[in-house]
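The structure appears below as structure tokens.
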Amino acid sequence: MPSPADANICDHDIEDIEDISTSQLDHRPPKHNVVPRARKAKTVASKTEDHQDHNNSHLSKGADTSDLILRDSYVPGTQSIYVRTWGCSHNNSDSEYMAGQLAAYGYKIVDDKDRADLWLLNSCTVKNPAEDHFRNSIKEAKSKDKLVVLAGCVPQGQQKAEYIQGLSVVGVQQIDRVVEVVEETLKGNSVRLFGQKKTFGKKTGGASLSLPKIRKNPLIEIIAINTGCLNQCTYCKTKHARGELGSYPPEEIVERARQSFSEGVVELWLTSEDLGAYGHDIGVTLPQLLWKLVEVIPEGAMMRLGMTNPPYILEHLEEMAKILSHPKVYSFLHVPVQSASDSVLMDMKREYCIADFKHVVDFLRDRVPNVNIATDLICGFPTETDQDFEETMDLVRQYRFASLFINQFFPRPGTPAFKMQRIPAQE
């Protein structure tokens, strides 16, 4: 069984396929988890500027630190930290990396939030309920006099939100600096790191894939192969947080996979905001990466692919069918359609028509035995008519998807769809 340090790194409701908790797949005999060894603590108060990333960050002294746990006897790396995560598997992976770094420094990761000295809250901005839960957790922490560090897409995409002001924030590409943010917060300071990782002026995937990690499920390694995307859907808030596409080099991803398998992992999950867009920014294709990964998957282990939007999988269908037919790869792909109406898809700026989506599904079902194509639908997009809805229902009846995730439209602040007149919620 996982150690107590592994528990509740991700504590959230399942709302779509990318929200599936790794705990659901505890179907193999458990193995001992690899827990990072604690190293001697050191002071990092001077490290408030990222020399590589040109962060938008600041460090401010708290007004009153008399009640903080540190006082004169403060020893860095000796406190307990509660980690909670909302949202996708990318967020789950980020939380595992942050927990791993904190544990390596000496902090104790606990599942009892009341025993924790500090709460690390990793947020999701896709839907209103997820942000509401995040906001309520901040209020709860304050009511219990807990110190708080925020992470994830909500503070990254809404940096001026009133309810996060005065609190420390770890940006989505700054998770490698979580230790110093936690230390400064324990001292009574507020640190906000929002910068992007860049190499030669070009955005990269983010923090190094070689960071220590505490996996929620020690048998499953989640690797985010890229961050951001190429599209700008009118309803999507995630783009505000994750930004433009930034892909990790194939050799870094393959090395992380090789290391994970050597630690006893038996499932490799690939995730991102859009798997199919991988490599467009660095001159590599998704199939090229996948074939390299297949080579390092040991006997008895499997690889699972995450979500890809239709426009970017269309160009690789032949190769993808071969990969999904490989005995070490699950015959599964998540391809969100959102609507079967071309007019609604145009208003969403999804950059494909329903014929493209059908071609992807038909092609893979024809070439890959027993393939499972999961999809998502948004109900009640502002411009959806009764006829548009019926077209979507016809699609569902035609394909009878084994995995179908239906989401109510949520107007996310700052998106073009937020200003559109809403369809009554009851309807």
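Summary table below
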item	result
Calculated from backbone phi, Karplus (6.51, -1.76, 1.60) coupling profile of region 90-95 in Hz, x at Gly/Pro	4, 4, 4, 4, 4, 5
Among the listed pairs Lys239/Lys328; Lys202/Lys239; Lys160/Lys419; Lys202/Lys349, those beyond 21 Å (Cα-Cα)	Lys239/Lys328; Lys202/Lys349
Reach of Lys187 by Cα under 21 Å, taken over lysines that are not fewer than 8 positions away in the same chain	Lys40, Lys42, Lys47, Lys61, Lys108, Lys113, Lys139, Lys142, Lys144, Lys146
Inter-site label distance for Asn370 and Ser208 at 7 Å from Cα along Cβ, in nm	4.2
Note, ³J(HN,Hα) from phi for region 251-267, Karplus 6.51, -1.76, 1.60, rounded to Hz, x at Gly and Pro	5, 5, 5, 5, 5, 5, 5, 4, 4, 5, 5, 5, 8, x, 5, 10, 9
Label-point separation, Glu140 to Lys358 (7 Å along Cα→Cβ), nm	4.6
Trypsin sites (Lys or Arg not before Pro) within region 144-239, DSSP loop, no more than 13 other Cβ atoms inside 10 Å	Lys144, Lys160
By average C-beta atoms within 10 angstrom, highest first, the peptides 246-253, 352-359	246-253, 352-359
Cα centre as origin, Lys/Arg/Asp/Glu Cβ charges: region 383-426 dipole, Debye	300
5 angstrom amide H check on Ala340, placed H, neighbours 5+ away	Thr392
Using a Förster distance of 45 Å, the FRET efficiency for Ser80-Lys349 (Cβ separation, nearest 0.05)	0.50
Part-to-part distance (alpha-carbon centres) for region 347-402 and region 135-180, which is given in Å	36
For Cys379, residues with placed amide H under 5 Å, excluding near neighbours	Asn407, Gln408, Phe409
Simple Cβ-charge dipole of region 159-296, Lys/Arg +1 and Asp/Glu -1, about Cα centre, in debye nearest 20	360
Highest average packing first - 387-398, 310-321, Cβ atoms within 10 Å	310-321, 387-398
Net lengthening on full extension, Ala402/Glu251 (0.36 nm per residue, minus Cα-Cα)	50.9 nm
Simple spin-label estimate for Gln259 and Met420 in nanometres, 7 Å along Cα-Cβ	4.3
Whole-Hz ³J(HN,Hα) from phi, Karplus 6.51 cos²θ - 1.76 cosθ + 1.60, for region 292-309, glycine and proline x	5, 5, 4, 5, 9, 6, x, 4, x, 9, 9, 10, 10, 8, x, 9, 9, 7
Cα convex hull of region 317-414 - mean projected area over all directions, nm²	7.0
Other-chain or far-sequence residues with amide H under 5 Å of Val110's (modelled H)	Ile81, Tyr82, Val83
Over region 100-228: Rg over Rh, Cα atoms, Kirkwood Rh	0.95
Overall dimensions of region 214-311 by Cα: Rg and Dmax, Å	13.9, 44
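Any read-out appearing in this document is the output of simple, stated calculations on the displayed coordinates, not a laboratory observation. Everything numeric here is computed off the predicted structure, so don't read it as measured data. Don't worry about glycine lacking a Cβ; one is built from the backbone with ideal geometry, like all the others, and counts go over all protein chains shown.
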